[in-house]
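Only one structure is covered here, and it is reproduced in the block below.
The values are calculated or read from the model by the stated rules, or taken from the named source; none is laboratory data. Quick caveat: nothing in here was measured; it's all calculated off a predicted structure. Methodologically, a virtual Cβ is constructed for each residue, glycine included, from the backbone with ideal geometry; neighbour enumeration extends over all protein chains shown. The accessibility values were calculated without ligands, DNA or RNA, using every heavy atom of the protein model including side chains. Shrake-Rupley method; radii C 1.70, N 1.55, O 1.52, S 1.80 Å.
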Amino acid sequence: LRQMQQLSEAGYTDLTPDIITYNSVINSFCKSHQEGGIEKCELLLEEMDKLHERGNIDMQPDVITFSTIINAWAKSKENGAAQRAEKLLQEMEKRYRLGDKTL
C-alpha cells in the first residue's frame, strides 16, 4: 500500500490506491492473525477517513471496511475485542443515521 502511494505521488497516477485497495489490505491484516493486525486495520480506517475529509470522495469507508474489522474483532480472543467491535458498529450506525449511504 505504501509503495503504491509513493509511486502515485511520483506521477504514476494509475497506481493510486483506492477503496478496493484499502479494503483488500484491511482484509489481509484482519485474516493474518498477526499481533496488532486488527489495530493496523483501524489505523487504515482512520487514514481513509482523513483522505475522505480532505476531499477524496472515493475513500469513504464503506460497509465492507467496517464489517471486515468488526468481524475480525468478533473472532478475536483479545481482551476488549467485543467492546471494540461494538464501538465500530455504533460508529457505523451513527454514520448511517447521518446520511452515509455507503453503510
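Would you confirm whether any residue within the stretch 86-101 is surrounded by 16 or more Cβ atoms within 10 Å (Cβ to Cβ), assigned to a helix (DSSP H, G or I) and touching a Pro at 6+ places or on another chain (Cβ under 7 Å)?
Checked against the condition, which is being surrounded by 16 or more Cβ atoms within 10 Å (Cβ to Cβ), assigned to a helix (DSSP H, G or I) and touching a Pro at 6+ places or on another chain (Cβ under 7 Å), the stretch 86-101 yields no hits at all.
Within the stretch 41-59, track down each residue that is within 13 Å of residue 22 (Cα to Cα) and of a type in the set (S, T, N, Q).
Selection gives nothing.
Quick one: in the stretch 74-85, of everything that is small (Gly, Ala, Ser) and at negative phi, which residue is surrounded by the most Cβ atoms within 10 Å (Cβ to Cβ)?
First pass over the stretch 74-85, keeping only residues small (Gly, Ala, Ser): 74, 76, 80-82, 85.
Subsequent filtering for residues that are at negative phi retains 74, 76, 81-82, 85.
Values: 74: 15, 76: 17, 81: 15, 82: 12, 85: 19.
Among those residues, the one meeting the criterion is 85.
For the stretch 1-28, name all the residues that are in contact (Cβ under 8 Å) with a residue 24 or more places away in the chain and within 24 Å of residue 81 (Cα to Cα). Let's see the steps before the verdict.
Our first condition is that a residue be in contact (Cβ under 8 Å) with a residue 24 or more places away in the chain; within the stretch 1-28, this holds for 1, 18-19, 22-23, 25-27.
Within the stretch 1-28, 22, 23, 25, 26, 27 meet the criteria.
Would you pick out the residues in the stretch 52-62 that are part of a helix (DSSP H, G or I) and open to solvent by 50 Å² or more (accessible area, probe 1.4 Å)?
Within the stretch 52-62, 52, 53, 57, 58 meet the criteria.
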